[in-house]
């Protein structure tokens, strides 16, 4: 059997939907789909069902499944594959890797969604060849993957990278997490919507707030705060971690130059005595989770060398 | 020759003075001394002279010098042992390891003073057996050693750990570094002195400000700000790195319970949804630099196993 017929399954589990893929050893996605995370209230059963369906796709294409990678949000014990806590999934102490391996009949490796997306950007995306960087994803909320000397910062309890909740404004506005002045109170989709509504009484999605920039004082004001607080957070990370690069992903980056131009300027202003690391756009977007999960699965199967040959273009074609 | 007769030299180079030691393989310091860093304007010559004198001490004790460890402040390229920039020493691109090895006639390993102090606390002090922690030293200024999964965070340019300059107060008071609202503007010896003087017109050393707590509103106010900003910084590091422990060193910790009690309370208040890591006092104090440098030298000489047997008590007796 040729190596091209070995495949892995990859699932990126989110709070509302999960993405699944079948990826062959040459990095080609045979199949990518999306389905609800929790259709009948049993997320584990939904993931197992998804793995079975992806297996069938692989079999129909003549590929042998050598393993799977499943990534989730939350605090993860990476040693034993237990999800210690995931608020989005309402999980506590779920032995995910053991449960999925038993149900699947092939090895399943598990990981953290954002850290795995960071791995994907490092292998195939905007951080290719970069050893010290942060991937910051800004959507409804904010999370980050911190990579130092080529390795992800996991933290003692698997909870590193809570960039959205670093306290940037002493005594600042209340966060849903119970703290005050968190970065994502100001610099996130939910934050933009809430703060724009507080000024205008009008509830708009973040992209509609961005669309009003330049012609709406309230939009300009909440956007300026978002950029300033995000720049403060990136300056903080620069001084603590000394990265060479920031990679920004998530829906917030759709603002394009309206985000990146002032953000880069504010970051440079905030760092008086050292250059600001460049701020790049993530290349793999919302595909990064399953791409990284597939890479984890190949590595876990002892086929890490396969991953080195992948090209991002193969994915955007998938 | 018995292993007990092998020794390393260790020097911790500071802006005004440097500490030197001769340490035998069993971890016993045969000799510890301190001398000015820059008596005649040539710091490299002063370090080389110090190494020669320490060698003579070792020889007189019948010990064979198998190497030396020299640690300095600044941005350090740990690959090639170059000090890229050290403002205290007025150095730029000094190939320290190569210069010292050539002059000394035995292998010299170099390192960063605070990261090496972190290693010493990890091996022998308050972070013994801890894989994820920060050592934060608060004296005139503030610096930190970040350790994740047992490894120090060095950063791409050797500049990680600039905890004193993370921007904690948006648009806050000016720092000597050119930025505004840096942590050490509020939470350092120099910060206490400056802020107390701004309120009272009286210039006092930090310890005198601390001595007035409870009976002097200005002292109480600047101290409360220092504790609040330090707690905010520790909360930020907790959320980014997920450490199990903070170790605080430097002159600021002489305040004792007046520092640690409110700091622990503020840190817990600032972390709404996760427990605060314990905050401990550093055990090796100002000796941590040369102790860590000695450990680096033994490791570099292939005698890392010697270091594992050391006991902190051997040092306090030295």
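The ranking of A:128, B:274 by Cβ neighbour count inside 10 Å, starting from the fewest, reads A:128, B:274.
Peptide A:155-164 has a mean shielding of 6, counted as Cβ atoms of other protein chains within 10 Å of each residue's Cβ. Which of B:149, B:258, B:288 moves the most in a Gaussian network model of chain B with Cα springs under 10 Å? Judging by the Gaussian network model, the answer is B:149. Between identical copies, the spacing of residue A:205 label points, each set 7 Å from Cα toward the C-beta atom, reads 6.3 nm from nearest to farthest. Restricting the calculation to Cα atoms, the range B:185-262 yields a radius of gyration followed by a Dmax of 13.0, 41 Å. In nanometers and ordered shortest first, the copy-to-copy spacing of the residue B:98 label point, defined 7 Å from Cα toward Cβ, is 5.4. Summarised as an ellipsoid, chain B has semi-axes of 35, 21, 18 Å, derived from the eigenvalues of the Cα gyration tensor scaled by 5 and square-rooted, with the largest first. The Cα center of the range B:120-171 and the Cα center of the range A:189-254 differ in position by 30 Å. At 222 nm, what value in deg cm²/dmol follows for chain B if DSSP H runs of at least 4 each add -39500 (n - 2.57) and the sum is divided by all its residues, to the nearest 500? Result for chain B: -12000 deg cm²/dmol, rounded to the nearest 500. Note on the range B:28-127: antiparallel DSSP beta bridges, both residues inside, total approximately 55 percent of the bridges counted. Between A:84, A:169, A:147, the residue with the greatest mean-square fluctuation in the GNM of chain A (Cα pairs under 10 Å linked by springs) is A:169. In a GNM of chain A with a 10 Å cut-off on Cα contacts, which of A:55, A:87, A:131 has the highest mean-square fluctuation? Comparing A:55, A:87, A:131 in the GNM, the peak value goes to A:87. DSSP finds beta bridges in the protein assembly as shown, and of those with both partners inside it, around 60 percent are antiparallel. Taking 1.002 mPa s as the viscosity and 20 °C as the temperature, the Stokes-Einstein diffusion coefficient of the protein assembly as shown based on its alpha-carbon Kirkwood radius rounds to 82 µm²/s. Compactness check for the range B:1-148: Cα Rg over 2.2 N^0.38 Å is 1.05.
Treating the point 7 Å from Cα along Cα-beta-carbon as the label, what are the nm separations from residue A:178 to the other copies, to one decimal? Those label-point separations list as 4.2 nm.
Between the range A:75-98 and the range B:44-111, the alpha-carbon centres lie 47 Å apart. Rounded to the nearest 5, what is the percent of antiparallel bridges among the DSSP beta bridges in the range A:128-281? If we restrict to bridges inside the range A:128-281, about 55 percent are antiparallel. Note on the range B:126-281: Rg/Rh from C-alpha atoms, Kirkwood Rh, equals 0.96. The C-alpha atoms of chain B define a longest principal axis, and helix B:217-241 lies at about 60 degrees to it.
Could you give the angle, 0 to 90 degrees to the nearest 10, between helix A:257-270's Cα long axis and the longest principal axis of the Cα atoms of chain A? Compared with the principal axis, the helix lies near 70 degrees. Against chain B, whose longest principal axis comes from its Cα atoms, helix B:189-200 is set at around 30 degrees.
Laboratory data are not the source of any read-out in this text; all were calculated from the coordinates shown. The structure displayed is predicted, hence computed values, not measured ones. Every residue, glycine among them, receives a Cβ derived from its backbone with ideal geometry; neighbour counts consider all protein chains shown.
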